[in-house]
Every structure is written in C-alpha cells, then in structure tokens.
Amino acid sequence: MRDVLILTNGQEEHHYAARTLRDRIEDLAGTDVRVEIREVGQEGMGSWIAWIRERLGKKKDAAEKLLKWVRRTNEGTFGKSRWPQFRRSVALALDEGTPELVIFFDLAVGLALQERVGDRTEAGFQRIGVALEAENVRAWEKVPADLIWTADEGPAAELKHKHIPAKEVRAGGWPVRPEFVCRERSEAKGKPGEPFRVLYLVNSRRRKALRTVERLLKNRKVRVTAVVGREEELKADLRKAFGVEERLTVRGWIKNLGALIREHDLVITKPGMITVREILAVGRPVVLVEGGKKAEERKDMCRLVVRLGCGALADSPGEIAKRVEAALEGGGVGFREWRRRARKESFRAEGAAERLAETVVQRVRAASTADRLPELRLLPAPAAGQKQLLMVDLHCHSVYSDGRMSLRELVDFYGRRGFDAMAVTDHVVDKGCLIGRLVDLTGLVMTMEDLPEYFRALQEERNRAWIKYRMILFPGMEFNLDGLTAKRSAHLLGVDLKEPIDPGMKLKAICEAIRAQGGLTIAAHPHHMTSMWGRDTLFLWERQEEYQPYIDAWEIGNRDDLFNPVGLKRLPFIAGSDFHKPKHLTSWKTLLFCEKEPEAIKACIRENKNVSITLFRDHRFGWVAEEKRDKIQSTAVKVGGWSRT
Ligand code: ZN
Ligand code: ZN
C-alpha cells in the first residue's frame, strides 16, 4: 500500500481540486494507493474558536462578533506569528500519514514541507506542487518540489527558464471536476433570432443583484437565469420585482452546475463562487464581477480572464450589462471570439485531472526503482552497482510473533537509522507437535495459517522500505524446533523467502525448501548463551557435521552474546540483534562489503568473504536503561521456557 497525502489550506478551489484528484487517483490505482486529504493551517483557528466560545458562554452575539474579527485577521496571507503553528500542522500530517508522495496547492505548504525535509526527522517523500492560480508564478520559483504542475504553458515556460529548486515543471492543465468537462464535440451555432442565454450566479447584495438583472433584461435578445443558492429572500425579491417576465428564471440551489452552464452562452459571476477555470472548462466565456472583500485575493482570476481573452471584467450592474451588450454588437463578433478562446481552454482542461492522477500514480509506483534520497546514511553510499560497506541485521521480530513493533514501525526504526538491509524473521511453530501447540497458546508465535497474511504484509513493507529508506527488507521466518531439552532444540532462520514454508517438515527439508526459494539458512544462537534467560538451542551444534551442508551461516553473535566456538570451528558466520524491542538495537550486527542488492548480499554471506561483525550502539535514543521484562514475556516463560524471546 502506498500513501498519497494531499494538503490543502482552506481555499475552496484547492478543496475541489483535491477531491477531484483523489477520486481520479483511486479510480486509476484501485486499492494499491491510499489517498488522504488533510487541511493544514486551520487547526489553530479551530482552537481559537473553541476558546472564544468557551469564554463567552451564552453571550452569543458577542461571541459571533469576536469570531468575525478572528476570521478576518486570519484571512489572506500568513502572518509571521502563525508560521510555527502552521509548520507544526504540516509536520503532524506527515507523521500521521507517512506518505510516499505529497501534493500541495499552496506555496506556504510547499515551504513548510521543505523545512520538514530539511529537518531530516522524516525520510523522503516526493512532492508535487500544483500551481492552480499561478497567474503570478514568480512565487513558485522558491518552492522545492519534484514536480510543479501548472494549468497552462505560459507560467510553466516562465518557470522553466529560471533556475528554480523544483526538478520539473509541466503544463498539464487545471484538474476540473468531472461535471465541468466539456462534452460538446462540435461548436453549437446559435441561430439568428434565438435568445442569448445568460447565467447569472448571484453572489452580491440584494440591491446590486436586482439592478444587474434589470439592466441585463433591457436587452431584448437576452434571457437570464439567476442562481441565488440558499438565499430564499433574494429569490422572493426577484420574483416580486420581475413577476411575469418570461425572460427571467430564478433558481435556488443547483446540484449540477456544470450541466446548467452548458445550457447557457455566457456566465456572470464573482470570482470565488466557482472557479473561473471550471466555467472555461465547459467552454463558456465569463464576465467577472470585480470588487468586494476578497478582491485582492481574487486578482489572479481576473488576470486570467484578461490574459486568456475569454471574457471581461466589470464592477457595477451597468458595466456588466454594457459588456454583454458590446459583445453582442455587430452580430456577436466579440462574443464569438470569447467563445472561441474559452473552447480552446476547455480542450486544454479536458483530461487534465486524469493526466495529473496518472502522473501521481506512476510516480508513487515507480518510486521503488527510482534512485532517491537516503536520509541518514551510516556509511557513505557509492554509486549504484559498486561494492560498499553495508550495515545489515538479519534477525528481527515483529508483532507477528513476540516482537513489540509492527512491521511498519520496524521498517521506520531501522530505516531512519540508515540500515542497508534487514530481515524480519518472526517465529513460526508446527501446531502439530505437542510443544508447538503449547507455544501457540501464548499467541506469540505464528502457525502455518498466519503465514499468508504475514508474507503479504512483508511484501508491502518491503516496497515501502526501499522507496522510503533505500533499505532492503528480506521476508524471513524463524523456525522454532523446540524439543524438551536444549540438545533437541533448534532455531533456524530462513532469510529472503518468497512464500510460506511448512514448519511441520523435518529440519533438513525446511533447509532445502528455504534454499529452493533462493533464501539463506542461518543457525540462530547455536551455542550456549550466557546473558539470556531463554533456553539454549544446541541441536544443530551437536550435529554440526551432519548439518553443515544445509546451513549457510551460523550466528557468531546474537544480541549481547558471542559464540567463540563458531569462530574456532571456522564456520561461516553472521551476527544479528534478535531484535524484539528498541533497546535490542544495541547489539551485534553484520557489516558486509558488497553491492547493495539482495542477491549480492546473500552471496556475500554464503561465501563468507568480506563479512565482519560490529557492536552497534545507538546514541540517538537512550535505550540503554534496562527495561523490566514485561508480562508477555513472563507468560512465555511460564508456558514454555523453551521459546526464546
Ligand atoms: Zn530464536
Ligand atoms: Zn529470534
């Protein structure tokens, strides 16, 4: 499962685009990719509002007044004081979602992401900035991203010419909602004498709305549909004022605005009620009503209409009517030019959402093979394909058996510390034998039926580990063949397994099955242990000669223990944490000198050349303190005592 996180910042247009994009990505990728939309930057306001409500209690009017003030002061661009708070909410969204790819529409989000990446507290994710209102692209010059997606060529070209931190700029079109996609193949030709249909999306004060309708209707060729939304009073007023006028239709709340726009020749609206991009996507010209409180913020939209030449700006009822009039003069030359350009925009917008979604899915999937970002390297990484020193730990347990951490946590834990390869080797027992049954009662080992789910989860994490940390995750198992005595007990690791292996088979058959899958066979803690309270597993050691051909490597180090005899006998060796919880990170590890590639790593261990062990200490966290053995472990002791945890 890959995660895509879309960060929005309160703006309605962003939210439309985010939802459209999410739906398209999910259509395209199926269950493979999970998309989450998070709004950042509003949380601070939420707590403000709660605080105010609490303070003022029942004095509702005063509270509303104060709320208005808070909203006003929070509107517009970011104040300096809100930046830290905003950064935190971006960081939080990243931590909770741990995405492979982040999409953002807002410059501020892009900058907050950069700070986060700079922090190196979290490893890599790809960033796609969608410059929706990039009339002023200059600001995007400063935003680092893997891709900046712009609605049209102009801004994209402008960015490309500059030396910018973004890796790629693409003019892919504005991701419009599906209802606004133009479905007309040929241009509708208005017959002479047919009325000119104007759609007026009312978003102004009552008086202005009434006067606008009045002025528009003065032109006998014009028919007006006024959409008033939930303004019931305005609806009544309009009906009262124009009574039986058959050239006026008043509509309330519209579900499918796209279809309604399609039925008209021209749209009159204030920027913000609907995105101008979506009106253009339907292929209709627009007269934008300027002014109002958000005028400054909406300037981009006005600039857009002027730049594309597919409509006009107006700021009073009289001017609105004049613009329409002028466009219809001379048999509608002006209008036809607007419409031609609007249609051009509609072709550009067609499929834009799908193209962007496709790009996202491709990138999030391809991230596993692309060469990206090791976040914290223990050792300097040379070019791919070259031999290098690799820090490796091939003995770890997760919650699938008696470990404390989930697979995801394990991967993050090792990945963040710069490990090059790890194996998760959860315990598995044969339910068929008596001791297996007892151990199974503790719920701390897997049996055959748990394995499919375990392998599926490992595969998912294997991809994530590589995309995120450039860390190789080997799926593995630890076969617990527990007898009643140490000499009859063996723990065998199978590393880099492709599919489940039945733990009920004889030991040699298990070894053969592991090798048949290309895996490594490793004898875990094969000698007497001094520091551990678990029971020794000596079966393999006692039958060294017999089993040597079946075992690729013997653990010379297991957590704090060192087994000198493995060295004395010149057996191929390896060391691992037998990791169950964070403090086990302080333990023996293996260093290899080979290519960072699964087959090369396994070959290096088999040959047992260029292998060394090292005692790893993690200084980033204080796991050194001795933790008390928890209840789970003591249960295991009581029930079994043979199962080493
Ligand atoms: Zn073990
Ligand atoms: Zn183990």
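From the list 467, 472, the one residue that fits, being among the β-branched types (Val, Ile, Thr), within 30 Å of residue 126 (Cα to Cα), touching a Phe, Trp or Tyr at 6+ places or on another chain (Cβ under 8 Å) and more than 15 Å from ligand 2 (Cβ to nearest atom), is 472.
Would you confirm whether any residue within the stretch 558-573 is part of a helix (DSSP H, G or I) and within 14 Å of ligand 1 (Cβ to nearest atom)?
Within the stretch 558-573, the first condition is being part of a helix (DSSP H, G or I), and the residues that meet it are 564-568.
Cutting the leftovers down to within 14 Å of ligand 1 (Cβ to nearest atom) gives us none.
No, there is no match, as no residue in the stretch 558-573 is part of a helix (DSSP H, G or I) and within 14 Å of ligand 1 (Cβ to nearest atom).
Just one of the listed residues (160, 255) is within 30 Å of residue 359 (Cβ to Cβ), free of Cβ contacts under 8 Å to residues at least 12 places away in the same chain and within 42 Å of the chain's Cα centre (by Cα), namely 160. Looking across the stretch 475-487 at every residue that is among the small types (Gly, Ala, Ser) and within 16 Å of ligand 2 (Cβ to nearest atom), the one that is nearest to residue 501 (Cα to Cα) is identified as 476.
Can you work out which of the residues in the stretch 420-429 that are in contact with a Lys or Arg (Cβ under 9 Å, 6 or more places away or on another chain) and either more than 17 Å from residue 458 (Cα to Cα) or among the small types (Gly, Ala, Ser) (or both) is nearest to ligand 2 (Cβ to nearest atom)? Per the stated criteria, the residue is 429.
Tally the residues that are within 16 Å of ligand 1 (Cβ to nearest atom) and of a type in the set (Ser, Thr, Tyr), restricting the search to the stretch 574-591. Result for the stretch 574-591: 2.
Somewhere in the stretch 299-319, is a residue β-branched (Val, Ile, Thr) and touching a strand residue (DSSP E or B) at 6+ places or on another chain (Cβ under 6 Å)?
Scanning the stretch 299-319 turns up at least one residue that is β-branched (Val, Ile, Thr) and touching a strand residue (DSSP E or B) at 6+ places or on another chain (Cβ under 6 Å).
For the residues 540, 458, 493, 473, the requirement of being under 17 Å from residue 577 (Cβ atoms), in contact with a helix residue (DSSP H, G or I) (Cβ under 7 Å, 6 or more places away or on another chain) and either outside any loop (DSSP other than H, G, I, E, B) or within 15 Å of ligand 1 (Cβ to nearest atom) (or both) singles out 473. Of the residues making up the stretch 482-523, just one is buried (at least 23 other Cβ atoms within 10 Å of the Cβ), among the aliphatic types (A, V, I, L, M) and modelled with pLDDT under 95, namely 490. Selection over the stretch 394-411 of residues that are within 16 Å of ligand 2 (Cβ to nearest atom) and under 28 Å from the mean Cα position of the chain (by Cα) gives a count of 10.
Being in contact with a strand residue (DSSP E or B) (Cβ under 9 Å, 6 or more places away or on another chain), at pLDDT 90 or above and assigned to a helix (DSSP H, G or I): is that true of residue 213 here? The answer is yes for residue 213.
Under 8 Å by Cβ, and 6 or more places apart or on different chains, what pairs join a residue from the stretch 304-322 that is in a helix (DSSP H, G or I) with one that is hydrophobic (A, V, I, L, M, F, W, C) and surrounded by fewer than 20 Cβ atoms within 10 Å (Cβ to Cβ)? Listed pairs, sorted by first residue: 305/313; 306/313.
Looking at 33, 70, can you tell me which residue is in contact with a Lys or Arg (Cβ under 9 Å, 6 or more places away or on another chain) and either surrounded by fewer than 17 Cβ atoms within 10 Å (Cβ to Cβ) or modelled with pLDDT of 80 or more (or both)?
Result: 33 is the single residue among 33, 70 that is in contact with a Lys or Arg (Cβ under 9 Å, 6 or more places away or on another chain) and either surrounded by fewer than 17 Cβ atoms within 10 Å (Cβ to Cβ) or modelled with pLDDT of 80 or more (or both).
A residue that is of a type in the set (Asp, Glu) and more than 15 Å from residue 361 (Cβ to Cβ) cannot be found anywhere in the stretch 1-8. The residues in the stretch 473-488 that are touching a residue at least 60 places away in the same chain (Cβ under 8 Å) and out of contact with any Ser or Thr (no Cβ under 9 Å at 6 or more places or on another chain) can be counted, and the count is 2. For the stretch 237-249, the count of residues that are of a type in the set (Val, Ile, Thr) and buried (at least 18 other Cβ atoms within 10 Å of the Cβ) is zero.
Could you go through the stretch 559-571 and let me know if any residue there is within 22 Å of residue 603 (Cα to Cα), buried (at least 16 other Cβ atoms within 10 Å of the Cβ) and modelled with pLDDT of 90 or more. Scanning the stretch 559-571 turns up at least one residue that is within 22 Å of residue 603 (Cα to Cα), buried (at least 16 other Cβ atoms within 10 Å of the Cβ) and modelled with pLDDT of 90 or more.
The values are calculated or read from the model by the stated rules, or taken from the named source; none is laboratory data. Computed from a prediction, not measured in an experiment: that's the story for all the values here. We place every Cβ from the backbone using ideal geometry, glycine too, and count neighbours over all the protein chains shown.
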